[in-house]
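Values quoted throughout were computed directly from the atomic coordinates according to the rules given, and no laboratory measurement underlies them. This structure is a prediction, so every number in the text was calculated from the model and none was measured. Cβ placement follows ideal geometry from the backbone for every residue including glycine, while neighbour counts extend to all protein chains displayed.
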């Protein structure tokens, strides 16, 4: 089943959320892009893991385990 949002879109939204100005909440960024705030929080958490900022199983490792 395909994911509802393309990977490039997810990366763009996460980048905007990470670079948001002071006083701009993640919820506002999510609303601007038409996604639920919790969805954006999950994307940001996954990006932190994939970037090595937080510990966890990366997307690539998860894909390899599923094979």
Flagged in segment 14-23 as more than 17 Å from residue 4 (Cα to Cα) and in contact with a helix residue (DSSP H, G or I) (Cβ under 8 Å, 6 or more places away or on another chain), in numbering order, are 16, 17, 18, 20
Tell me which residues, restricted to segment 13-53, are over 9 Å from the mean Cα position of the chain (by Cα), surrounded by 12 or more Cβ atoms within 10 Å (Cβ to Cβ) and under 21 Å from residue 63 (Cβ atoms). 49, 50
Taking segment 6-24 and keeping residues on the phi < 0 side of the Ramachandran plot and in a loop (DSSP other than H, G, I, E, B) leaves 6, 19, 20, 21, 22, 24
Could you grab the pairs with beta carbons closer than 8 Å, sequence gap of 6+ or different chains, first residue in segment 35-64 and part of a loop (DSSP other than H, G, I, E, B), second one exposed (fewer than 12 other Cβ atoms within 10 Å of the Cβ)? 57/65
Residue list for segment 24-41, restricted to those being farther than 19 Å from residue 7 by Cβ and touching a helix residue (DSSP H, G or I) at 6+ places or on another chain (Cβ under 6 Å): 26, 27, 37
